[in-house]
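The values are calculated or read from the model by the stated rules, or taken from the named source; none is laboratory data. Since the model is a prediction, treat every value here as computed from it, not as a measurement. Please note: Cβ atoms are built from the backbone with ideal geometry, for glycine as well, and neighbour counts cover all protein chains shown. Keep in mind that these areas ignore ligands, DNA and RNA; they rest on the heavy atoms of the full protein, side chains included. Shrake-Rupley method; radii C 1.70, N 1.55, O 1.52, S 1.80 Å.
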Amino acid sequence: MKKLFVLLGVFCALCFVACSNFQLAGGDMGVVSLSIGDNLAREIRSAAASRNVADGTYTLTASIRGEYSDSQTVAVANGNYSGVIFTFEDVPVGKRIILDLTAKADGNYIWYGNSGKHTVEQGENLLTIALGRVSGVLLWKDFSVKIAPYGNYEAAEDPSLSIQSAPVFCFDNTGNLYWSGSSHGVLCYKSDKPYSSSKVCDDTTLFSALSYDNVASILYGITEFHIKKLTTSGSEQIINIYDNGITPIGFAVHNGIAYVANKSSEDGIPSITIVSFDLTTKSFASGTEFKLPTVFGSQPTYQMIYQEGALYLLLGSVSSSSNVDSADTKVYSCGALVKINPSTLTIDTSFGNNGYLGLVSTERQVPYGQKQSYSVYAASSPTEKVFSKPLGFVAIMPKKLVIADAGCIVSDETVDQGGVFKLKGKAVSRIVTVDLETQSLGFKDLDPNQYYWTDLLGSFVVTSSSSF
């Protein structure tokens with residue numbers, strides 16, 4: 001019996017030592033790795049070739065973010081991506097991460113993908129990356145339109161586009177740009193570097209929005225009366241939305257279903273209902289009406305897109321109004337992104353703040369006289385988590401949205417301009433990237449005198465492009 005107890009003691013001691021050695025050897029750690037296979041390599045090479053940058057040196061960067069961060073970059077000659085392996089050792093088990101992969105050629109981003117959310121497990125964590133391309137970024141100012149590589153806006157090129165008012169455009173999931181011009185019909189600008197154009201449709205209708213069905217490979221346009229299918233042989237009216245009492249402010253098509261944001265108004269507050277049309281059976285469905293927060297005022301702008309299995313509605317407002325009876329002036333410069341479930345046609349309230357991402361949620365009262373004040377619905381500096389006024393989805397990137405944002409930051413300070421008191425403001429022009437996995441916002445500031453910015457608050461706000 002004594003021998004038995006001794007053997008048990010030795011066994012327990014050996015187990016303790018083994019467990020200790022296991023911990024010292026990294027038993028609570030995992031290895032995160034990514035291997036570039038032939039399919040992924042082929043996709044990245046294709047993206048590079050489409051931008052006329054198929055030769056030379058390329059850089060691949062794999063980055064871990066989330067509850068743990070790390071990054072590795074390798075240079076690859078002549079696009080020989082296949083067989084490249086990234087290995088991150090000693091990543092703590094249980095950490096929730098996302099692995100990003102970016103490819104650059106000639107200093108320009110040409111491809112991006114990520115793994116989605118992953119919880120690190122003990123041992124090998126071999127992750128895969130969803131395929132996807134990065135399109136050029138649409139830039140405009142006044143009547144001039146340019147397209148820049150994502151992340152390299154100084155290299156913007158002029159594809160001989162012009163605009164008379166708010167541009168009407170969309171992208172397909174390979175990065176091709178579709179552009180509606182009243183005198184030229186609808187044009188397609190291929191995602192190659194010279195952005196050569198070809199005519200998609202001769203229809204010179206003034207469309208309020210375009211949308212490309214990436215499943216059916218069909219382009220559609222919408223007016224205040226109709227949804228039209230656009231082809232090189234002409235256009236075909238599919239749905240008469242006027243008969244359904246629809247006032248369209250957002251439009252997206254996916255897998256034969258057209259989604260329309262329908263605007264109504266109650267007590268001066270804009271209300272929206274998302275409706276859908278089956279373009280084959282012509283059946284109609286409607287979601288639940290929702291009122292916009294009062295921070296938008298009465299005339300926000302809109303754009304809608306279908307991406308990653310959801311609808312995203314972009315809202316923006318830059319405006320001002322004065323109530324002569326109460327001497328109360330309202331100033332708006334704000335926006336938000338709303339996520340909508342395409343099956344239920346309802347807002348996803350878990351997205352952002354009760355369904356609104358990047359929204360200035362409060363009103364500020366700024367006094368400028370004995371009985372006068374400004375009611376301000378706009379961000380004050382800094383603005384890392386809010387929009388100033390989103391203008392549109394200006395590029396395509398997998399698992400991210402790329403948005404042009406141009407409004408102003410409004411200070412609590414007032415200035416005297418010849419006896420007229422105005423708020424002090426700063427013009428904002430930037431590219432905002434929304435990560436759909438983490439709901440985080442990334443910003444790239446542009447020169448507001450060069451792109452996007454139009455001053456609509458001159459009566460009440462003194463704006464500049466410099467800091468306060």
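Quick rundown of the values:
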| item | result |
| --- | --- |
| Cα→Cβ-extended label distance, 7 Å offset, between residue 372 and residue 298, nm | 2.2 nm |
| Helix-only mean residue ellipticity at 222 nm for the chain, each DSSP H run of n ≥ 4 adding -39500 (n - 2.57), per residue, nearest 500 | -2500 deg cm²/dmol |
| The chain: relative contact order as a whole-number percent, Cα under 8 Å and 6+ apart | 8 percent |
| Order by protection proxy (mean Cβ within 10 Å, highest first), peptides 453-462, 84-93, 133-142, 387-396 | 387-396, 133-142, 453-462, 84-93 |
| Given charges at Cβ of Lys, Arg, Asp, Glu: the chain dipole, positive-most of 334, 382, 237 | 382 |
| Residues of segment 130-156 with amide N under 17 Å of a point placed 7 Å along Cα→Cβ from residue 73 | 150-153 |
| Violating pairs (Cα-Cα greater than 30 angstrom) within the set 190/263; 422/444; 146/422 | 190/263; 146/422 |
| Reciprocal of mean inverse Cα separation for segment 81-224 (Kirkwood radius, Å) | 17.9 Å |
| 1.4 Å probe accessible area per residue over segment 109-233, in Å² | 44 Å² |
| Accessible-area order (highest first, 1.4 angstrom probe) of the listed residues 397, 29 | 29, 397 |
| Where labels lie 7 Å past Cα in the beta-carbon direction, separation of residue 236 and residue 363 in nm | 5.1 nm |
| Overall Cα dimensions of the chain - principal axes, largest extent first, Å | 99, 64, 47 |
| Förster-model FRET efficiency, 45 Å R0, residue 218 and residue 87, C-beta, rounded to 0.05 | 0.55 |
| Assigned charges on the beta-carbon of Lys, Arg, Asp, Glu; the chain dipole about Cα centre (debye) | 480 debye |
| Carbon + sulfur, % of accessible area of segment 339-443 - ligands and nucleic acids excluded, 1.4 Å | 44 percent |
| Dipole magnitude of segment 247-385 about its Cα centre (Cβ charges: Lys, Arg +1; Asp, Glu -1), debye to nearest 20 | 140 debye |
| Segment 353-468, relative contact order [Cα under 8 Å, separation at least 6], % | 21 percent |
| Distance (nanometres) between label positions extended 7 Å along Cα→Cβ at residue 349 and residue 444 | 3.7 nm |
| Principal axis dimensions, largest first and in whole angstrom, of segment 235-311 by Cα | 38, 31, 24 |
| Per residue, in Å², the accessible surface of segment 338-468 once ligands and nucleic acids are set aside, probe 1.4 Å | 43 Å² |
| Percent accessible area from carbon and sulfur atoms, segment 163-295, protein chains only, probe 1.4 Å | 47 percent |
